[in-house]
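The values are calculated or read from the model by the stated rules, or taken from the named source; none is laboratory data. Values in this document were obtained by computation on a predicted structure and should not be read as measured data. Cβ coordinates were reconstructed from backbone atoms using ideal geometry, including for glycine residues, and neighbour counts include every protein chain displayed.
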Amino acid sequence: MQPRSNPSATPLRVVIVGGGTAGWMCAAGLTRLLPNTDYALTLIESDEIGTVGVGEATLPHIRDFNAMLGLDEAEFLRATQGSFKLGIEFVGWDKPGGRYFHPFGVFGERWGGTDFQHHWLRARAAGHDVGDLADYCFAAAMCREGVFDLPNEDTRSIRSTFAYAYHFDAGLYAAFLRGWATPRGVRRIEGKITEVTRNPESGLVESVTLQSGAMIEGDLFIDCSGFRSLLLGSTMGVAWHDWSEWLPCDRAMALPCASVDGITPYTRATAQAGGWTWRIPLQHRTGNGYVFSSTFCSEEQARETLLGAIDGAPPADPRLLRFQAGRRAKGWEGNVVAIGLSSGFLEPLESTSIFLIQAAITDLAKLMPFPGCAPDPRLAAEFNRLYEIHYDRTRDFLVLHYTANARHGEPLWDHVRTMALPDSLAHKIELFRAAGRAPDYKLGLFSRDSWLAVLVGQGIEPRAHDRLADRLPLDEVVERLTDLRERIATNAASLPAHAEFITSYCAAGADKAEDQAVSA
């Protein structure tokens, strides 16, 4: 156990290298979570160095982060041109022309202590017309209807059985957090780092030098420098684990366009010959992109595919990004912690980048060294254990989308369907095939319902169901299934259209803010 902080010790100097979404989430999160008398936060960023963010789709965990900061949701949506997100629609992933949703909600109800899918599987195997599994998820029904409302606080209501996330402009979000964090004590320094100085004996980073000649000293350095991984990779020499054998896409083209087809309450990922295209609807525009493998698709082919997939006229040419899927061997080495792209990269198929940033911030805050204490390698070891779990389990979930496909005759899809899988993922797939059991663990990003959505959506058929489901009379199960489907469909159809809800919600928030300003 660490000793309690020494009241006479000077604050621990925490230097965040890099701005963007990762840097400013880190600055804001640590400012809120840590006592400001014990920690002094400095963020260094250069306006000359661009960020990767082009538009961002998120997962429901971002709501916890924003709530922890005390952000007003309507103000946040107005500032970032955000919209609500209930899940992801996958088009053509299981087979050409097919589609399914990964919704942010539960599938059905537990009856007799048994997971819902087993009752559905049992009734279907008995020859009953029980529809698709998605018919029993309220979030999926809302996506199909294009509607939105906030979850009902009454947990007995079917309208309480979903969560939601956001689509927003990543650059605007970083600016919003910067405006939140700097008045609360985060020191921002503009400048480009030209040199990193390490202690010759301990190997710890002591300072960074800017192009202006200014030297910034610190006790703990947080690397948010993006793909460059200036501190953890280049300076500390932490090795890179290449996952391109399982995730071969290594390029992306990004391109915004005007909104034409409306603001859907979900992200869309459409399978293409060389990868997949994304569609992220914001209030003021639609974000688009094409993630592809340079082995199976040329950049010119990708450009033509992307331009043919967008809704409206593009304002400029697509922007090309090059990357490699994988992560560093460690996320914390010495007195350097990497957060965001400097620690690893997984393609944005399931909108995981901001969650991985958020998880790292939360873990770091819990393991932060006390002022006046020597670095404790046990803190770094625990951070790295959690870091590996987050990345490795997320990797398995993404690979699942690729390997379970029926797009025969297309080189990329034939390759990922037949490649050797990580043992951890192969076990999950075979367990589901054998008995309909979906992964369910405490640590790691995706819940049982998320795994269930993709396993079923990708056409993986269980050979059997949990025998505990047989305890309920079959006619009772069929009756319950019919009632649940009807309740979900009826309630979803009665909700307001997503775009209408955004307009009224943001307007009401603006009126409330104006009233508070007047009364103040």
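The rows are residues; the columns are (1) of a type in the set (Ser, Thr, Tyr); (2) assigned to a loop (DSSP other than H, G, I, E, B).
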| residue | (1), (2) |
| --- | --- |
| 149 | no, yes |
| 153 | no, yes |
| 156 | no, yes |
| 166 | yes, no |
| 171 | no, no |
| 175 | no, no |
| 181 | no, no |
| 189 | no, no |
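Within the bounds of segment 126-134, is there any residue that is of a type outside the set (D, E, K, R), modelled with pLDDT of 95 or more, assigned to a helix (DSSP H, G or I) and crowded, with 20+ Cβ neighbours inside 10 Å? Checked segment 126-134: at least one residue is of a type outside the set (D, E, K, R), modelled with pLDDT of 95 or more, assigned to a helix (DSSP H, G or I) and crowded, with 20+ Cβ neighbours inside 10 Å. Per this entry, residue 293 is counted among residues that are polar (S, T, N, Q), farther than 30 Å from residue 200 by Cα, out of contact with any Lys or Arg (no Cβ under 7 Å at 6 or more places or on another chain) and not assigned by TED's automatic domain parsing to the domain that holds residue 330.
One residue stands out in segment 290-304 among those that are buried (at least 24 other Cβ atoms within 10 Å of the Cβ) and of a type in the set (A, V, I, L, M, F, W, C): the one that is farthest from the chain's Cα centre (by Cα), namely 302. Contact map, segment 98-119: residues that are among the basic types (Lys, Arg) paired with residues that are assigned to a strand (DSSP E or B), Cβ distance under 6 Å, separation 6+ or inter-chain. Pairs shown: 99/91. Candidates are the residues of segment 160-196 that are within 30 Å of residue 268 (Cα to Cα) and charged (D, E, K, R); the one that is modelled with the lowest pLDDT is 169. Please tell me if residue 326 is over 19 Å from residue 227 (Cβ atoms), among the small types (Gly, Ala, Ser) and touching a strand residue (DSSP E or B) at 6+ places or on another chain (Cβ under 8 Å). For residue 326, the condition - over 19 Å from residue 227 (Cβ atoms), among the small types (Gly, Ala, Ser) and touching a strand residue (DSSP E or B) at 6+ places or on another chain (Cβ under 8 Å) - is not met. Note on segment 152-182: among residues that are touching a strand residue (DSSP E or B) at 6+ places or on another chain (Cβ under 6 Å) and not hydroxyl-bearing (Ser, Thr, Tyr), the one that is farthest from residue 491 (Cα to Cα) is 170.
Go through segment 191-232 and give me each residue that's part of a strand (DSSP E or B) and of a type outside the set (A, V, I, L, M, F, W, C). Listed by number, the residues that qualify are 194, 195, 197, 198, 206, 207, 209, 217, 223. Selection of segment 262-301 for residues being within 30 Å of residue 498 (Cβ to Cβ) and assigned to a loop (DSSP other than H, G, I, E, B) yields 262, 263, 264, 265, 266, 282, 283, 284, 285.
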